[in-house]
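The values are calculated or read from the model by the stated rules, or taken from the named source; none is laboratory data. Note that the structure is predicted; figures quoted are calculated from it, not measured. As a convention, Cβ positions derive from the backbone with ideal geometry for all residues, glycine included, and neighbour counts pool all protein chains shown. We work out accessible area using only protein heavy atoms, side chains counted, and drop any ligands, DNA or RNA first. Shrake-Rupley method; radii C 1.70, N 1.55, O 1.52, S 1.80 Å.
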Amino acid sequence: MKKLNVAIIGQGRSGQDIHGRYHRSADNLYYTVKYVVDADAHRREVAAKNYPGCITLADYRELFAFDDVDLVVNASYSEMHYPITKDLLLHGKNVLVEKPFARCRYECDELMQIAKQQGVVLAVFQQTFFAPFYEFCYDMVKSGKLGEVKQISIRYNNFARRWDWQTLQKKCAGSTYNTGPHPIGMALGFLDFDPHAQVVYSKLDTALTSGDADDYAKILIAAPGKPLMDIEISSLDAYASYNVKIQGSRGTLKATPAAYEMVYINEGENPERPVVEGSLRDGAGNPIYCWEQLIRHTEGESFNGTAFDVGTAKMYEQIYYKITEGRDMTVTPEMAAAVISVIETVHAQNPLPLKF
């Protein structure tokens with residue numbers, strides 16, 4: 001198997017600790033990191049140690065002098081995703097760009113069009129679609145075990161604050177751009193990317209952040225005949241106990257990336273009761289509350305792996321075969337663009353004042 005030469009732009013948390021961790025791991029059977037780009041001299045020194053024999057560069061445009069770059073990973077600052085990816089595509093490079101894909105749908109569409117015209121591969125790093133807990137939840141929704149699913153709640157909450165570049169609107173940052181691609185992508189996935197899905201309610205706000213970008217977001221997405229998607233991304237929630245909760249007509253599933261719990265009833269075990277129009281009474285004729293103990297079942301199990309190991313490895317495997325054999329990918333740029341459409345809509349509905 002021929003390994004592909006990779007260039008990684010950016011050695012921040014994503015470039016070094018997410019993409020870099022994969023490339024340095026035993027899961028990486030497909031790539032050799034040959035180039036690393038970062039404007040910071042110290043980060044270039046660290047990269048040289050992490051990838052012995054690699055060439056370190058201060059400016060991504062230096063890559064254009066090398067013809068052996070098979071894939072460029074764009075892990076730059078969020079506001080640089082679009083312009084750098086566009087430049088790379090126009091120079092004929094295959095690109096994996098970190099989320100967010102871009103700032104708006106127009107930019108996403110332009111990048112996809114350029115990739116098509118240039119005949120190169122464009123992928124967006126939305127690896128949560130490969131996370132074991134998401135795949136399990138998706139399969140459970142489709143299985144019918146929970147009955148007709150009425151609502152899916154997705155929570156990416158904590159009780160914490162930030163004061164770095166990820167709190168600034170000018171950096172294409174804040175909760176919806178930074179964290180949002182994960183829960184919003186999952187929500188659209190549960191809806192099978194229904195073209196009729198709409199944001200029916202949204203609210204953005206600032207609370208603990210030191211910057212001017214949102215650190216609280218509430219988003220409701222609905223599509224005809226499908227469950228309501230209730231998305232929350234909050235820095236104010238000290239009691240976040242799940243990432244996904246699925247409420248169906250026969251049960252409820254609660255999941256985190258680590259494990260799931262489920263309570264459900266089986267069809268036929270709890271026959272339908274006829275409606276009583278008046279008050280219910282006990283044997284002595286006294287009024288009683290309408291209540292019963294349903295025959296129900298519980299189960300739960302841990303997941304093996306997360307979006308940051310299993311998900312990342314699957315993403316990179318698919319990119320490899322997309323480049324070498326032209327195989328279709330499960331996660332497409334069109335899916336990532338749909339996520340940006342939601343984020344763009346939510347920001348248009350909730351403009352926040354610029355302070356920086």
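Please identify the longest segment of the chain free of exposed GluC sites (Glu not before Pro), where exposed means a DSSP state other than H, G, I, E or B and no more than 16 other Cβ atoms within 10 Å. Here the longest run is 1-147.
The trypsin sites (Lys or Arg not before Pro) of the stretch 233-329 meeting both criteria, a DSSP state outside H, G, I, E and B (loop) and at most 15 other C-beta atoms within 10 angstrom of the site's C-beta, are Arg296, Arg327.
Compared with the direct C-alpha span, the chain from Tyr106 to Glu334 gains 80.9 nm at full extension, assuming 0.36 nm per residue. Would you please give the FRET efficiency between His91 and Thr324, computed as 1/(1 + (r/R0)^6) with r the Cβ-Cβ distance and R0 = 30 Å, to the nearest 0.05? The formula returns an efficiency of 0.90 here.
Model label points for Asp282 and Glu269, set 7 angstrom from Cα along the Cα-to-Cβ axis, are 2.8 nm apart. Computing FRET efficiency as 1/(1 + (r/R0)^6) for Leu236 and Lys3, where r is the C-beta to C-beta distance and R0 is 51 Å, gives about 0.65.
Apolar share of the accessible surface for the stretch 1-78: 47 percent from carbon plus sulfur atoms, 1.4 Å probe. Using a probe of 1.4 angstrom and keeping all protein chains present, the accessible surface of the stretch 266-350 works out to 68 square angstrom per residue. The magnitude of the dipole of the stretch 141-225, with charges of +1 and -1 set on the Cβ of Lys/Arg and Asp/Glu and taken from the Cα centre, is near 180 debye.
Is the C-alpha gyration tensor of the stretch 71-169 telling us rounded, prolate or oblate? Criteria: a/c under 1.5 is rounded; beyond that, a/b larger than b/c is prolate, otherwise oblate. The shape class here is oblate. Inter-label distance, Lys218 to Tyr289: 2.7 nm, where each label sits 7 Å from its Cα along the C-beta direction.
Think of a 1.4 Å ball rolled over the protein heavy atoms: the stretch 1-82 then has 48 Å² of accessible area per residue. Of the options (i) 19.8; (ii) 22.2; (iii) 18.4, only one is mean projected area of the Cα convex hull in nm² as computed from these coordinates, and that is (ii). Taking 0.36 nm per residue of sequence separation and removing the Cα-Cα distance, the Gln198/Asn304 pair yields an extension gain of 34.8 nm.
If both residues of a DSSP beta bridge must be in the chain, then about 60% of such bridges are antiparallel.
Debye-formula intensities of the stretch 1-142, expressed as log10 I(q)/I(0) at q = 0.19, 0.20 Å⁻¹, are -1.15, -1.24 (one equal scatterer per alpha-carbon, no solvent). With a simple spin-label model that places each label point 7 Å from the Cα along the Cα-to-Cβ direction, the separation between Asp40 and Ala26 comes to 3.1 nm. Averaged over its residues, the stretch 135-250 has an accessible area of 43 Å² per residue, based on protein heavy atoms and a 1.4 Å probe.
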